[in-house]
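Here's the structure we're looking at; comments come further down.
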Amino acid sequence: MSVIGQDLGSLRAGLSATAAVCVPGDEGYDEAVRIWNASVDRRPSIVVRCASDGDVVAALVFAQRESLEVSVRGGGHNYAGFALTDGGLMIDLTPMKTVTVDADARTAKCGGGTTWGELDAATQGHGLAVTGGFVSTTGVAGLTLGGGIGWLVRAAGLSCDNLVAARVVTADGRVLTADAEVNPDLFWAIRGGGGNFGVVTEFEFALHAVGPMVQFALFLFSPDQGGDLFRFARDYVRDLPADCGVLLAGLSAPSAPFVPAELHFQPAYGLLVVGLGDEASHARLIAPISQALEPMVQMVTPIPYAGLQQMFDESAPWGMHSYEKAVYLDELTDGAIEVILEHQGKKMSPLSFVPIFVLGGRYGATDPDSSAFGGGRGIGYVVNISATTPSPDDLPAEREWVRNYWSALVPHAVGVGSYVNFMTDPDPERIRNTYGDKYTRLQQVKATYDPNNVFHLNANIQPAVST
Ligand code: FAD
């Protein structure tokens with residue numbers, strides 16, 4: 001700590017006027033190290049709140065000179081808490097939030113610390129959007145670098161499928177462009193390979209015409225109806241057009257005005273369908289649901305796309321204690337449904353829930369080799385078993401629920417690997433399994449841009465060793 005104490009002046013001297021350095025006890029430190037998952041307790045020695053590429057370069061040079069572990073914070077949503085290093089230097093990108101939209105070209109650029117709420121607000125001003133997460137406070141950076149699943153995944157593919165360029169600061173302090181023409185190996189790797197290759201200070205996305213109003217439908221079913229729902233849903237989603245988003249979920253019914261009071265917080269299953277067309281076509285799309293099943297609750301309404309993107313914010317508050325594990329399913333087989341029905345009822349916390357993301361559409365039609373994304377394009381579903389408890393004391397039991405549920409589902413899944421953004425404990429076997437044949441290529445790109453594995457607080461790719 002004495003070396004750091006002496007040298008902070010030299011670090012500060014290399015930063016822009018709007019950047020800041022904080023150490024424990026400084027104003028701004030606690031805010032900078034507060035992340036979404038309160039169960040992660042790591043304290044960086046130094047936080048550099050970066051406002052420019054040059055600030056990121058200065059922070060990286062300093063950290064390596066002082067042999068400090070490096071972490072990078074985008075939106076701070078990572079379940080494993082990889083934004084935080086214990087005792088090292090955290091590069092905090094939250095000041096880098098500039099968003100510019102080129103409505104004619106249908107592209108948007110945003111800084112590495114932007115959240116989805118901020119990007120959506122800017123793009124929706126032009127009736128445009130790119131696939132983003134289901135919770136608006138999530139960072140664009142971490143979500144996109146790992147893949148990016150949201151309401152638009154069937155209509156427009158993953159967030160990373162829509163990335164057209166990025167600016168990346170590498171471990172040795174170079175500021176590089178990555179796109180299809182310039183550093184194409186890096187561009188391939190950052191679309192799915194996570195934060196392994198450098199600090200992305202700017203993202204540029206292709207946008208699509210979306211909203212401003214979209215059509216929303218939510219159906220809730222009792223636990224007894226779960227089997228019928230899932231068997232219906234696997235046939236129903238097969239014939240749906242790409243321009244609709246579909247989510248299945250095992251959850252506790254929300255205490256929303258449209259839900260009868262006696263159902264509030266009671267176990268339930270949900271089917272949510274978002275249409276990007278008009279009300280009439282959405283009505284036709286969802287008609288088979290109430291013809292085949294008898295939902296306990298049904299809510300159908302037009303809604304602003306920006307509002308849809310914030311709809312789950314309250315159900316995922318900051319400061320809770322969380323853990324998750326996910327699997328990819330090719331199909332909702334009878335075996336998988338049986339596991340879901342058996343384990344769903346064992347959750348204890350009303351905040352724990354199991355979103356089952358329905359893929360297909362543009363996601364499925366995208367060339368699997370066009371990016372490093374760890375997941376085949378034939379996968380039908382991502383099942384994310386997610387535990388959340390207000391008290392740390394309740395997390396261990398709920399974590400066991402996740403682990404048991406996951407272990408029972410794995411025999412019906414596409415291996416033990418799954419979406420890297422839904423891994424609280426990404427062990428090496430699961431990471432390799434997730435990337436499959438792409439892992440070796442990722443190791444080579446890692447060796448080119450980060451041979452010393454400076455960026456290892458992530459679903460880590462081991463650099464290839466030259467022979
Ligand atoms: P951070 O914790 O800041 O960072 C995550 C990782 O990315 C870390 O390894 C970090 O070092 C690295 N990183 C961050 N910024 C940069 C950067 N600029 N350059 C290089 N590396 C960087 N995922 C989905 O796909 N769809 C969803 O709908 C979805 N919903 C979620 C909802 C909640 C409530 C939560 C907690 C997570 C959700 N996720 C979702 C998962 C999410 O994609 C990951 O947690 C992701 O890591 C969050 O990114 P972040 O920037 O907020 O996180």
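The values are calculated or read from the model by the stated rules, or taken from the named source; none is laboratory data. Everything quoted here is computed from the prediction, not taken from an experiment. Cβ placement follows ideal geometry from the backbone for every residue including glycine, while neighbour counts extend to all protein chains displayed. Just the protein is used for accessible areas: all its heavy atoms, side chains included, with ligands, DNA and RNA removed. Shrake-Rupley method; radii C 1.70, N 1.55, O 1.52, S 1.80 Å.
Details
- Structure-based [θ]222 nm, the chain - -39500 (n - 2.57) summed over DSSP H runs of at least 4, per residue, nearest 500: -8500 deg cm²/dmol
- Sites count as exposed loop sites when they are GluC sites (Glu not before Pro), lie in a DSSP loop, and have at most 11 other Cβ atoms within 10 angstrom; the longest stretch of the chain without one is 182-467.
- Computed label-point distance, nm, for sites ALA209 and ALA121 using a 7 Å Cα→Cβ extension: 2.7
- To the nearest ten degrees, helix 2-13 and the longest principal axis of the Cα atoms of the chain are 80 degrees apart.
- For region 306-329, the residues whose amide N sits under 16 Å from a probe point set 7 Å from the Cα of SER255 along the beta carbon direction are 314-317.
- Think of region 213-422 as a dipole: +1 on every Lys or Arg Cβ, -1 on every Asp or Glu Cβ, centred on the Cα centre; then among GLY277, TYR405, PHE230, TYR405 lies furthest on the positive end.
- In straight-distance terms, cross-link reach from LYS446 covers every one of the lysines whose alpha-carbon lies under 20 Å from its own, apart from those fewer than eight places away in the same chain; here that gives LYS438.
- Nearest-10 value in Å² for the accessible area of PHE232, using the 1.4 Å probe: 40
- Extension reserve of the GLN298-ASP102 stretch, reckoned as 0.36 nm per residue once the Cα distance is removed: 66.7 nm
- Only Lys, Arg, Asp and Glu carry charge here, each on its Cβ (+1 for the first two, -1 for the last two); on that basis region 26-136 has a dipole of about 200 debye about its Cα centre.
- Those lysines that a straight Cα-Cα span of less than 22 Å connects to LYS347, excepting residues fewer than 8 apart in one chain: LYS325
- Using R0 = 22 Å, the C-beta based FRET efficiency linking GLU66 and GLU31 works out to 0.40.
- What the phi angles of region 237-252 give under the Karplus curve with 6.51, -1.76 and 1.60, with θ = phi - 60°, is a coupling list of 5, 4, 9, 6, x, 5, 7, 9, x, 9, 9, 9, 7, x, 8, 9 Hz, glycine and proline written as x.
- Beta bridge orientation in region 8-92: antiparallel %, DSSP, nearest 5: 25
- Only the Cβ atoms of Lys and Arg (+1) and of Asp and Glu (-1) were treated as charged; on that basis the dipole of the chain about its Cα centre amounts to roughly 480 debye.
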